[in-house]
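Throughout, read-outs are computed from the coordinates displayed, never taken from laboratory work. In this text the structure is predicted, and so the values were computed from the model without any measurement. Neighbour counts run over all protein chains shown; Cβ positions are idealised from the backbone, glycine included.
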Amino acid sequence: MIFHIADPTIYKAAEESGVYKPASFDSEGFIHCSDADQVAGTLHRHFGGADRLLLLAIDNDAEKEHLRYEDLYKRGQEFPHLYRALPLSSVRGTYVLERKGAMFSIPFEWMRSFG
C-alpha cells in the first residue's frame, strides 16, 4: 500500500468523475505518494499550513504499471510517484487528518490495517 495526502475539497470533486488529480498533476505529470514510513515526514514537510487533509490508501498492485520509485530531489530517499491520474477504484481507504496543536496525528494503526 502507498499513501497520498490530499486536499479534501479536490478529492470530493473527484468522487463525481471517479478520477483524482491533485493541483500539481498538470504541471508535474505525476502524483506524489509516500510509503507508510514516509507519511509523517511528508506531512510535516509539505503541509504545515493545512488544518484538515485526507490520507488516501492506494493499492500499489493495482497501479504498478504506472508507479515509479524515484529520488527526484536528490535527498537519498526514493518516493513512489504515480504517473497517471488516480482512478478512485484503486483507493482502498481514506482517513481524515486534522491538526492537533502544532502537529497532525498520524494514523499508524489505520495504515497498518492494509497489511
| remark: Exposure-ranked with fewest Cβ neighbours within 10 Å first, HIS4, HIS44 stand as HIS44, HIS4
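Relative contact order for segment 2-112: what percent, with Cα pairs under 8 Å and sequence separation of 6 or more?
In percent, rounded to a whole number, it is 34.
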| said: Given Cα positions, please report Rg to Rh for segment 2-112, the hydrodynamic radius being the Kirkwood one. | reply: 0.93
| field | Separation between Cα centres of segment 1-55 and segment 80-115, rounded to whole Å | value | 8
| query | What's the tally of Lys pairs in segment 1-105 whose alpha-carbon atoms lie under 24 angstrom apart, where the two lysines are 8 or more places apart or on different chains? | reply | 4
